[in-house]
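The values are calculated or read from the model by the stated rules, or taken from the named source; none is laboratory data. Computed from a predicted structure; not experimentally measured. Note: ideal-geometry Cβ built from the backbone for every residue, glycine included; neighbour counts use all protein chains shown. Accessible surface is based on the protein model in full, side chains and every heavy atom, while ligands, DNA and RNA are left aside. Shrake-Rupley method; radii C 1.70, N 1.55, O 1.52, S 1.80 Å.
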Amino acid sequence: MKTAVIVFPGSNCDRDVQVALRQSSGSEPMMVWHGEASLPDADLIVVPGGFSYGDYLRSGAMAAQSSVIKDVVAKAKKGVPVLGICNGFQVLTECGLLPGVLMRNANLKFVCKDVYLRTEAADTPFTQGYEPGQVIRIPIAHHDGNYFTDPDTLARLRDEDRVAFRYVDKDGKSGKEGGNGANPNGSLDDIAGVLNETRTVLGLMPHPERLADEDLGGDDGRPMFDGLLKALG
């Protein structure tokens, strides 16, 4: 499986993703600098976490205008799978590959901790390593992770099973289901990750690459990368 990781000034999880992809695929990911006008052929494109362009103007807004992202959009529209993690999720909403926006956290503070997620859509290349309803522990580290969209789009996301993950407590209950402290950022409908209409683009605020090896304290993130290898390899 050929993979490409986009690297921006301010990216800070590009190497973590590189290690996770190498670990699962056995091959070296291509690290593509933001200044490139086009991407090499790849089976998977990852837009990693960090603070692209220092989060000036709005998180992900400047990165979304870069030449390399224009090619990411073009390739995504041709069906190449794209995974956006944290800042990458913000970039994917800013460039129009995913609906909605990521606003300031409800408490207006940066949040860095492990959270629990419930797998809502397990029939995608990104999530097939998990069981439907499976609860996993994944780290978050963001200031602008409060997902929001209009009521019609939210209804469509629900109806089309495009909410990939929701924030839950350790017992698997979301905030609206009575989960205690389940939602770390005020995200609408406890949404942690969403899919595009063709289920080939995933935006996810938590960082699976940061918990993809037991040496890191757990490996709940590894099935995402192993599942991608199985689906795309």
| task | Find me the longest stretch of the chain that has none of the exposed GluC sites (Glu not before Pro), where exposed means in a DSSP loop (not H, G, I, E or B) with at most 13 other Cβ atoms within 10 Å. | result | 1-159
| query | To the nearest 20 debye, what is the magnitude of the charge dipole of segment 15-111 about its Cα centre, counting +1 on the Cβ of each Lys and Arg and -1 on the Cβ of each Asp and Glu? | reply | 300 debye
| Hey, what do the phi angles of segment 48-62 turn into as Karplus ³J(HN,Hα) couplings, whole Hz, using 6.51/-1.76/1.60 and θ = phi - 60°, x for Gly and Pro? | x, x, x, 9, 3, 6, x, 6, 5, 6, 6, 3, x, 5, 6
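Based only on Cα atoms, what Rg/Rh ratio does the chain have, Rh being taken as Kirkwood's radius?
Values: Rg = 15.9 Å, Rh = 17.2 Å.
On the Cα set of the chain, Rg over Rh gives 0.93.
In this model, which of Lys113/Lys176; Lys113/Lys170; Lys70/Lys113; Lys77/Lys173 are farther than 23 Å apart at the alpha-carbon?
Details: Lys113/Lys176 21 Å; Lys113/Lys170 14 Å; Lys70/Lys113 33 Å; Lys77/Lys173 35 Å.
Correct reply: Lys70/Lys113; Lys77/Lys173.
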| request: Restrict the search to segment 52-107; then list the chymotrypsin sites (Phe, Trp or Tyr not before Pro) that DSSP places in a loop and that have at most 15 other Cβ atoms within 10 Å of their Cβ. | output: Tyr56
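Heavy-atom accessible area per residue, the chain, 1.4 Å probe: how many Å²?
I get 42 Å² per residue for this part.
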| Could you give the dipole magnitude of segment 68-181 about its Cα centre, charging the beta-carbon of Lys and Arg +1 and that of Asp and Glu -1, in debye to the nearest 20? | 280 debye
| field | Amide proton proximity set for Phe51, modelled H, under 5 Å, gap of 5+ | value | Ser11, Asn12
| field | Phi-based couplings in Hz for segment 148-164 (Karplus 6.51, -1.76, 1.60; Gly and Pro marked x) | value | 9, 8, 6, x, 5, 5, 4, 4, 5, 4, 5, 4, 9, 6, 9, 8, 6
| message | So if I take the centroid of the Cα atoms in segment 1-80 and the same for segment 159-185, what is the distance between those two points in Å? | response | 28 Å
| Pairwise label distance in nanometres, Lys78 with Asp215, each label 7 Å out on the Cα-Cβ vector | 3.7 nm
| Cβ-placed point charges (K, R +1; D, E -1), dipole of the chain about Cα centre in debye, nearest 20 | 340 debye
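Whats the longest run of the chain with zero trypsin sites (Lys or Arg not before Pro) that are DSSP loop and have at most 10 other Cβ atoms within 10 Å?
Working: sites that count: Lys78, Lys109.
The longest such stretch corresponds to 110-233.
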| query | Got a sec to turn the phi values of segment 113-123 into Karplus ³J(HN,Hα) couplings, 6.51 cos²θ - 1.76 cosθ + 1.60 with θ = phi - 60°, whole Hz, x for Gly and Pro? | reply | 5, 7, 10, 9, 10, 10, 6, 9, 10, 9, 10
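Please work out the ratio of the alpha-carbon Rg of segment 25-105 to 2.2 N^0.38 Å and round it to two decimals.
Values: Rg = 12.3 Å, N = 81, 2.2 N^0.38 = 11.7 Å.
Expressed relative to 2.2 N^0.38 Å, the Cα Rg reads 1.05.
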| Taking the chain as a Gaussian network, where each spring joins two C-alpha atoms under 10 Å apart, which residue of Pro99, Pro125, Pro40 fluctuates the most? | Pro40
